[in-house]
Amino acid sequence: MIRYPSQGCVVEYLEGNVIHIAIVLSETGTRLKLLLPSRREVALPQNRILPWIGPLYDPLPPREECVRILERHREERGRAEKNFDVNELWEMVESEVRTASAEWFAELENTDPSVDIIAASGHALLACKTHFRFQPPSFQIFSAEEVKKRLADQAVREERETLYSGGKAFLQLLWDVAQGRRRFPSGEKGFPSELPPTEVLDKLETLLRARMLDSNDQESAQLWNQVARTLPDVPNLPLQLLLAWGKVPPHYNHWLAMAGYADGDEWWRECEDEVLALEKEVEKGFSGDLPFYDLPFVSIDSATTNDIDDALFLEKIDDGWSLTLALSYPCLSWRFGGGLDLLVRERGTSLYLPEETCHMLPECLGANFYSLKEGCLRPSFLLHLLVSQDGNISPVEPSLGLVRLAANLHYDQVEAFISGGGADEKTASYGALLHEADAMAHALQAGRLAHGAIVLARSEPHIRLEGEGQNTRVFLDEEPPAKEAQCIVSECMIAASAGIAFWAQAHGLPLLFRTQDVHFPKECQGVHTAPEEVAQIVRSLLPSILETTPAPHAALGVQSYAPVTSPLRRYADFLNVAQIASFVRKGVALFSVEDMEQHLSLLSRALERAGRVQRNRPRYWKLVYFRQQGETVWWSGTVTDINEHVVTVSLPREAISVRGKRALFDDRTLPGSSVRIRIGKVLPLWNELQIVEAMPLDSSS
């Protein structure tokens, strides 16, 4: 093998990670003029030449003969390279040698290797970058540990490159399908040519699901930025691609998946033994130390409610009312910190969605075993308080006992009776109690209003779904008004939670408090029914928060508020009831302030996730409803806000606000103006709908 290149020498060099063969036409100092098999001439410095040189043809053959020589050597070297098993060579030398030349490796296979065989050895070593590194004029030989690491890195790179190359085109296909520009390839036609290999598809599905659940996921960010680079930056893009692919069903509730909130009633099955043990323990309490309260309690709920967790009994007294509330007591014998408790706390609350109800507790407990059902003996957490004529309440007296409800009444039945519109015989039999409850509720509300409470008159339509999948139709049904019946329940619940908060502070008992410690302007206080007033106040309201320190709840007009009235549906109430019950039964708190802080820290995250589901999912179905109605329908609403560019209109029947450009509206439009609007293109997954035409309500269309 020749050591230095000169005219007539066959040489090789690297360019763009590709080995090129050439013959030296001439040399000038340290630069060489080379002829390639393509007949192209190039000039290179000598230090670019790879360290296997030769053979030498002297004198230099004619140009065409040089081309034939190069082709012959290239073919010979290609054949020889196939005979080199670089993995086997590496295993032979890894533990003994750290660097060696291509010639040395060639001599392991051939005692007197030709230049072509030496070059072929160099080719094979250069190609095996996981085991060798070219450090001219020799090759570094990696250790076994380094080879293992480099093989793993190479696998990751190759996988990523495969995803980059196949993923970009496939995601573009999915986007075109999502936009209705193409149909997803199925069957034999188009299948092999348009879809990447199965392993790539699997990884793309995993990537899309990860991005759907968390758009800020750092682990998948780099890959996503590469494969989705050419796609538009639109809301819920991964979900739209999965829908186009058919990997999630139409109208998939991705908010539920993002929250990690399992739907259905199978999520607790891993704790089935614990649930059965709970039922047995509670049944023992029926014959234990819990006294029986022989009062004709009645509950008032919607007709579809199964998890009934509050009921009331009251009597008129000289200066007001004597009120006893029976609340569900699901924490009797509950094992905090156990498997079931951790699952329930992770849910945090029940969710009431148009397509389903997701209970916080297993349905066999929350909707059956603990539910305050008519005629059934149930353990109960009881609160007794006195309500004065002016709506003030006496200190609450909590106790534990057994109750058997006299009746489960419904909002529409109670409303019909109170309003004088007639009632069924069962509801009428509790007429005296209901009339007093109505009077007491108005007294309680008046008392709160005197302390600066804010009462907003808002109603939500019932979202009804018919059909399945793409054929699902959405209907917004107006719920019969039940203002008086709902007022009874809400005022009793506020009084109970405010009263127990005062009691807990007097006894130094740590609880979770719902607070809103802010000052509202005088004009915000009172009862508001006009849509523009309601919208303005809602914009100014800061949300209430859960804390372990008591503070006022300004919108409710109470000095403190500890939620206890929905222990079947809200973990905060569940926890507070357990804390109070322990104090009542044993004289000691179940949890310290630090324990409650720890509970709150974990619970707050769960409630934040669940809250997004409860806000976004019903709105999604409303947007689907508007899209199904089409762009020709005119909607009646009230203007609630105007600025230089945008007008906001509240649609009271649909309980939704819509925005449109200021230029679409009459110059005389003001907050409170009644208008008719037409809505254009609606994109539910983008949470987008917009007014495209507007006119005063008294104008004709």
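The values are calculated or read from the model by the stated rules, or taken from the named source; none is laboratory data. Since the model is a prediction, treat every value here as computed from it, not as a measurement. Every residue, glycine as well, gets a Cβ built from its backbone with ideal geometry; the counts of neighbours run over all protein chains shown. Calculation scope for accessible area: heavy atoms of the full protein, side chains included, ligands and nucleic acids excluded. Shrake-Rupley method; radii C 1.70, N 1.55, O 1.52, S 1.80 Å.
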Debye, to nearest 20: dipole size of the chain, +1 on Lys, Arg Cβ, -1 on Asp, Glu Cβ: 2200 debye
Beta bridge orientation in the chain: antiparallel %, DSSP, nearest 5: 90 percent
Mean projection area, nm², convex hull over Cα of region 21-140: 8.0 nm²
Selection from PRO652, SER592, LEU465 lying farthest towards where the dipole of the chain points positive, charges on Cβ: PRO652
Solvent-accessible area per residue for region 546-625 (1.4 angstrom probe, square angstrom): 38 Å²
³J(HN,Hα) computed for each position of region 318-329 - Karplus, 6.51 cos²θ - 1.76 cosθ + 1.60, integer Hz, glycine/proline x: 4, 10, x, 9, 9, 10, 10, 10, 9, 10, 4, 10
Selection from HIS451, TYR352, PRO137 lying farthest towards where the dipole of the chain points positive, charges on Cβ: PRO137
Region 567-701: equivalent-ellipsoid semi-axes (sqrt of 5 x gyration tensor eigenvalues, Cα, Å): 47, 16, 13
Average accessible surface area per residue within region 47-179, 1.4 Å rolling probe, Å²: 54 Å²
0 to 90° range, to nearest 10: angle between helix 531-540 axis and the chain longest Cα axis: 60 degrees
Extent along principal axes [Cα atoms of region 133-172; Å; largest to smallest]: 46, 23, 6
Carbon + sulfur, % of accessible area of the chain - ligands and nucleic acids excluded, 1.4 Å: 49 percent
Rounded to 10°, Cα long-axis angle of helix 431-450 versus longest principal axis of the chain: 70 degrees
Between helix 272-286 and the chain: long-axis angle, C-alpha atoms, 0 to 90°, nearest 10: 10 degrees
Assigned charges on the beta-carbon of Lys, Arg, Asp, Glu; region 35-165 dipole about Cα centre (debye): 620 debye
Options LEU242, VAL93, ALA432, ranked by Cα towards positive dipole end of the chain, top entry (Cβ charges): VAL93
Estimated 222 nm signal from helices in the chain, with DSSP H stretches of n ≥ 4 weighted -39500 (n - 2.57), rounded to 500: -12500 deg cm²/dmol
Descending principal axes extents, the chain, alpha-carbon based, whole Å: 130, 70, 50
Euclidean distance of C-alpha centroids, region 256-320 and region 203-247, integer Å: 42 Å
Cα-Cα separations in region 222-295 greater than 17 Å, expressed as whole percent: 69 percent
